[in-house]
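Below: the structure, in structure tokens.
The values are calculated or read from the model by the stated rules, or taken from the named source; none is laboratory data. None of these values were measured; they are calculated from a predicted model. Don't worry about glycine lacking a Cβ; one is built from the backbone with ideal geometry, like all the others, and counts go over all protein chains shown.
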Amino acid sequence: MTERAIQMPTDVLLLGTGAFAARIAFDVAATAKEPVRIMIAGRNALRLDWLRTAANARAAIFNTAARFVTEQFDLLEQSALANLVGQTRPSVVVQAASVQTSAVIATTNDAWSRLVAEGGLSATAVFQTVVSAAVARAVRDVHPAAHMVNCCFPDVVNGMLVAMGLPVTCGTGNVSILANAFAGATSEESVAARDVKVLAHYQTIGAWRRPAAERDGPVPRVWISDAEIADVFTQFRPVLLTPEPAIEISGAAGVPMILAMATGHIWSGHAPGPHGLPGGYPVCWHEGVLSLDLPSGLSRNEAIAWNRQFEATSGLVVDGTRVTYTGRLAERLRGFGLACADGFDVADIDQVYREMQGLRNRLQMGTYPIGVSN
């Protein structure tokens, strides 16, 4: 780490150099209302140079007091990661780096992406967990006062992190995609974004990537001014997401929350995986604590049970320290003969990662014909 970086106070440590991290950095640069210093860290030196240049340029364009520095290092080097967190001691650690790109949801041109399409995004959960667990471990060990925001599949991964005994405040994306899309589509000028509350699991997003006439499947629950919408598909018919990850919304949605965490301001909105809970919820940030902010008449237990049902039907569930694949995904993994298909303990995550990595490599190389699992 450079002497310059060590000497600079850090409000936000942003890990990753991909499109999601860039969206966060660029929107912080454009919207920060008071001084905030962000360090962007990752392996790709050229990409880091560009993100620093572009983010600081955007801060100049929009005349904000955001300032960006960068640091090159390998996020999978636990000692280097711990040193970075310990030296910078950020208020917020935003983990946006993964060994599995989210773009897999928009392709079906190899057997791995077909498995994800057929079995569900939880096929990628182990890949999304590896880096996030390393980051959370560094936070726990050297700077537990930091607020940990995991951007990598938080609906499911955050529960795995908590099962490992690791800290995580929440994620961003998923539920906030729908909540903000619905708020933006609400025609009543008297309705503010804070009056729209959404309970949504990531499995409820897919329908909104298709034209209105083709929508079906699980539906999010939506309230406007505490009144639940009876027909969500009809009410928000004009809302349409891209087939690709909706980073323009999901990455941006985390920015007000991250800035509130860094500066101590009050904030309310939506977040997936708060404190390791499954799915996404309305939440609020006040005096350093993130809490559920549910509509009147909806209990905490009801909200959690509603979100939990999706992975219990097909996906991945966490019970204590035990992780179990369910439904179609479990069937597909058993068809490939994976030992982890019948479940595993979170303590064995590295072993399971290697097994899943081997499967992904074989499927991407075409060792198995697309759609064939034995």
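Here are some notes:
- PRO167 touching a Lys or Arg at 6+ places or on another chain (Cβ under 8 Å), assigned to a loop (DSSP other than H, G, I, E, B) and not polar (S, T, N, Q): yes
- Qualifying residue in segment 289-300 (condition: under 20 Å from the mean Cα position of the chain (by Cα) and surrounded by 23 or more Cβ atoms within 10 Å (Cβ to Cβ)): no
- Filter result for GLY280 (in contact (Cβ under 8 Å) with a residue 24 or more places away in the chain and in contact with a helix residue (DSSP H, G or I) (Cβ under 9 Å, 6 or more places away or on another chain)): yes
- Among (1) of a type outside the set (Asp, Glu); (2) more than 21 Å from HIS201 (Cα to Cα); (3) in contact (Cβ under 8 Å) with a residue 12 or more places away in the chain - the single one CYS151 does not satisfy: (2)
- Any chance SER187 is polar (S, T, N, Q), surrounded by 16 or more Cβ atoms within 10 Å (Cβ to Cβ) and either assigned to a loop (DSSP other than H, G, I, E, B) or at pLDDT 95 or above (or both): no
- Once segment 301-334 is narrowed to residues that are assigned to a helix (DSSP H, G or I) and aromatic (Phe, Trp, Tyr), the residue that is surrounded by the fewest Cβ atoms within 10 Å (Cβ to Cβ) is TRP306.
- Filter result (touching a residue at least 12 places away in the same chain (Cβ under 8 Å), part of a helix (DSSP H, G or I) and surrounded by 14 or more Cβ atoms within 10 Å (Cβ to Cβ)) within segment 335-356: GLY335, CYS340, ALA341, VAL346, ILE349, VAL352, TYR353, GLU355, MET356
- Pairs with Cβ under 9 Å, 6+ apart, first in segment 206-229 and free of Cβ contacts under 8 Å to residues at least 24 places away in the same chain, second assigned to a strand (DSSP E or B) and β-branched (Val, Ile, Thr): ILE229/VAL222
- Matching entry among THR234, THR204 (being within 27 Å of LEU316 (Cα to Cα), outside the structural domain of ALA96 (by TED's automatic domain parsing) and out of contact with any His (no Cβ under 7 Å at 6 or more places or on another chain)): THR204
- Criterion violated by TRP112 - all others in (1) modelled with pLDDT of 90 or more; (2) closer than 19 Å to VAL352 by Cβ; (3) not basic (Lys, Arg) satisfied: (1)
- Selected residue [in contact with a Leu (Cβ under 8 Å, 6 or more places away or on another chain) and either over 20 Å from SER299 (Cα atoms) or not small (Gly, Ala, Ser) (or both)] from ILE229, ILE205: ILE205
- Any hit, segment 194-210, residues being under 23 Å from the mean Cα position of the chain (by Cα) and aromatic (Phe, Trp, Tyr): yes
- Out of ALA97, ALA103, one residue alone is modelled with pLDDT under 95, over 21 Å from TRP285 (Cβ atoms) and either in a loop (DSSP other than H, G, I, E, B) or among the hydroxyl-bearing types (Ser, Thr, Tyr) (or both). It is ALA97.
- Residue count for segment 1-58 under the criterion of being in a helix (DSSP H, G or I), modelled with pLDDT of 95 or more and among the β-branched types (Val, Ile, Thr): the result is 4.
- Filter result for THR204 (more than 24 Å from ALA305 (Cα to Cα) and at pLDDT 95 or above): no
- Flag for ASP74 being of a type in the set (Asp, Glu), at negative phi and touching a helix residue (DSSP H, G or I) at 6+ places or on another chain (Cβ under 7 Å): yes
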